[in-house]
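Novice: Dropping the structure in here first, questions after.
The values are calculated or read from the model by the stated rules, or taken from the named source; none is laboratory data. What you see is a predicted model; the values in this text were computed from it and never measured. Ideal geometry is used to build each Cβ from the backbone, glycine not excepted, and the neighbour counts take in all protein chains shown.
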Amino acid sequence: MYINLETKRLRIRPIKLADAGFILTLTNSKGWLKYIGDRNISNTILAKKYIQKILDNPNYFYSVFELKELQKAIGIVTFLHRTDEKFPDIGFALLPEFEKKGYTLEASREYLKKVKQSNQYGNIIAITLPHNQRSIGLLEKLGLKYQGDHKKGNETLSYYSVKKLKEASREQMG
């Protein structure tokens, strides 16, 4: 769901090809590489190709959030309808120099509020690595509840959900 939003400090907008420099930096940041994985984006040409793939996928929505005052992109909120999951999932990433200032919570909270108000989705999930404590803390502040850990490929992922599911089984989550 692409939407334009504003908070007290941030502007949230759909990603665009002009964000290639920002995406190059973000996808090569320590946190991205550790918790999301290497996307092999080593230059702005590859960053533009990465963005174009997102724009071409009707089930993937990346929204950039930027500081209003500086008009500088600092993070993203993602909303993905993965084919192997029953519900869409919300995610986020932030440039390391802007961490611990509440920007990701502010952007994610506003985005999630708008998605919920649309009444288009029966539930919204989030998926993270079990040891990503910062992400888990943010998901809990957003009101998502832990549903369980599940093996996906050769890694274990923790699932969180807006709605409490009766049983945290793989069938219900995805």
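Novice: Select, from ARG39, ARG13, the only residue that is assigned to a loop (DSSP other than H, G, I, E, B), without any contact (Cβ under 8 Å) to a residue 60 or more places away in the chain and not acidic (Asp, Glu).
Specialist: On the way: ARG13 fails: assigned to a loop (DSSP other than H, G, I, E, B).
Exactly one residue qualifies, and that residue is ARG39.
Novice: Could you tell me whether any residue of the range 57-64 is buried (at least 20 other Cβ atoms within 10 Å of the Cβ), touching a residue at least 12 places away in the same chain (Cβ under 8 Å) and not hydrophobic (A, V, I, L, M, F, W, C)?
Specialist: Kept after step one, since they are buried (at least 20 other Cβ atoms within 10 Å of the Cβ), are these residues of the range 57-64: 61-64.
After this cut, where a residue has to be touching a residue at least 12 places away in the same chain (Cβ under 8 Å) as well, the list is 61-64.
If we keep only those that are not hydrophobic (A, V, I, L, M, F, W, C) as well, we get 62-63.
The answer is yes; a qualifying residue exists.
Novice: Name the single residue, out of those in the range 102-117 being in a helix (DSSP H, G or I), of a type outside the set (S, T, N, Q) and more than 12 Å from the chain's Cα centre (by Cα), that is surrounded by the fewest Cβ atoms within 10 Å (Cβ to Cβ).
Specialist: Here is the first cut: in the range 102-117, the ones in a helix (DSSP H, G or I) are 103-117.
With of a type outside the set (S, T, N, Q) added as a condition, the list becomes 103, 105-107, 109-116.
Within this subset, residues satisfying the condition of being more than 12 Å from the chain's Cα centre (by Cα) are 103, 106, 110, 113-116.
Numbers: TYR103: 21, GLU106: 17, GLU110: 20, LYS113: 11, LYS114: 13, VAL115: 20, LYS116: 13.
Across the range 102-117, the extreme among qualifying residues is LYS113.
Novice: For PHE79, state whether it is modelled with pLDDT of 95 or more, outside any helix (DSSP H, G or I) and aromatic (Phe, Trp, Tyr).
Specialist: Working: modelled with pLDDT of 95 or more: yes; outside any helix (DSSP H, G or I): yes; aromatic (Phe, Trp, Tyr): yes.
So PHE79 passes the test.
Novice: Does the range 83-97 contain any residue that is within 21 Å of ASN28 (Cβ to Cβ) and assigned to a helix (DSSP H, G or I)? Spell out the reasoning first.
Specialist: To start, the set of residues in the range 83-97 that are within 21 Å of ASN28 (Cβ to Cβ) comprises 91-97.
The next check asks that each one be assigned to a helix (DSSP H, G or I); those that pass are 96-97.
Yes - at least one qualifying residue is present in the range 83-97.
Novice: Tell me which residues, restricted to the range 42-59, are of a type in the set (A, V, I, L, M), closer than 24 Å to PRO88 by Cβ and out of contact with any Leu (no Cβ under 7 Å at 6 or more places or on another chain).
Specialist: Within the range 42-59, ILE54, LEU55 qualify.
Novice: Also, quick follow-up: Could you list, in sequence order, all residues of the range 93-126 that are in contact with a Ser or Thr (Cβ under 7 Å, 6 or more places away or on another chain) and farther than 16 Å from ASN4 by Cα?
Specialist: Listed by number, the residues that qualify are LEU94, LEU95, PRO96, ASN123, ILE125.
Novice: Output the number of residues of the range 89-133 satisfying the condition of being farther than 18 Å from TYR159 by Cβ, free of Cβ contacts under 8 Å to residues at least 60 places away in the same chain and of a type in the set (S, T, N, Q).
Specialist: Selection size over the range 89-133: 3.
Novice: Here's a follow-up. Can you name the number of the only condition in (1) within 23 Å of LEU17 (Cβ to Cβ); (2) touching a Leu at 6+ places or on another chain (Cβ under 8 Å); (3) surrounded by 16 or more Cβ atoms within 10 Å (Cβ to Cβ) that PHE79 fails?
Specialist: Condition not satisfied by PHE79: (2).
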